[in-house]
Structures are given as structure tokens and as C-alpha cells.
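A.B. asks: Just dropping this structure here.
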Amino acid sequence: MLSPYVGIVILGIFAAGFLITMLVLASVLGPKNPTRTKQLPFECGSVSVGDVKEQRFNVRFYLVAMLFILFDIEVIFMYPWAVNLSVLGWNGFFAMLSFIFVLALGLVYVWRKGVLDWND
């Protein structure tokens, strides 16, 4: 009898094979005419200033990036809940409601601390 995970393993093998095939084809068939201009880092249409290794980013950039990851993971938790809501019933609904409430409190705290204010 086949294991229930055989389909997942086959899908993983196909995905890895497709990835390797596309990388090999891109390196073999792709154009190879690098110029100095093409090798420079691109910064939203403006000319780069200074060395990339010496530039310092504001700490707020990292805070906003971590908050984005936090609220992005919230959506990952909400998807299986929404799919199984009929099975979970009211207990599952109130559990997710409390989860969203805690996240909303965190968002209000971050907002009041000024992490999302870029005008300073």
C-alpha cells in the first residue's frame, strides 16, 4: 500500500527538477555580455552614491520589516482556520478573535510608539 506522502514527495521531485532545469537553461542560453553599467546596483532609477557595504540603514527600516513579517505570518495562521471554520465551530471562531485582538493591540502599541511614522 502506498504511503499518503508519496504524492508530496513526487511533487517535491518535480519542483526541484523544474528549478534545476530552469537555472541550467538560463545560464546556458542566456546572454553573456556584462558591462560596467549592468553590474552597478540599481536604486530606483537614481545613480548610486558611495559603496554599498558602507551605507547604513535606519533602524526603522528593520523594525518595519520585522512587523511586516509578523503580520504576514498572521495571514498564514488565518488561512487554515478559515478553511476549517465549519469544523472548529464557535470555539475556533472565538480563539481566532482573541488572536486578532492581541495582534491589534500590538499594532496599536507600535503605532503609538511611532515606529510607523517616517516623517521624523
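A.B. asks: Would it be correct to say that Trp111 is loosely packed, with under 11 Cβ neighbours inside 10 Å and at pLDDT 85 or above?
C.D. replies: In short, no.
A.B. asks: Still on this structure, please answer the following. Tally the residues that are of a type in the set (Phe, Trp, Tyr) and under 21 Å from Tyr62 (Cβ atoms), restricting the search to region 74-120.
C.D. replies: 3
A.B. asks: Sticking with this structure for a sec: When region 56-81 is examined, which residues are found to be free of Cβ contacts under 8 Å to residues at least 40 places away in the same chain, over 18 Å from Val102 (Cα atoms) and either among the aliphatic types (A, V, I, L, M) or part of a helix (DSSP H, G or I) (or both)?
C.D. replies: Of everything in region 56-81, those that are free of Cβ contacts under 8 Å to residues at least 40 places away in the same chain, over 18 Å from Val102 (Cα atoms) and either among the aliphatic types (A, V, I, L, M) or part of a helix (DSSP H, G or I) (or both) turn out to be Val59, Phe61, Tyr62, Ala65, Pro80.
The values are calculated or read from the model by the stated rules, or taken from the named source; none is laboratory data. All values derive from a computational prediction rather than experimental measurement. Heads up, the Cβs are rebuilt from the backbone with ideal geometry, glycines too, and the neighbour counts pull from every protein chain shown.
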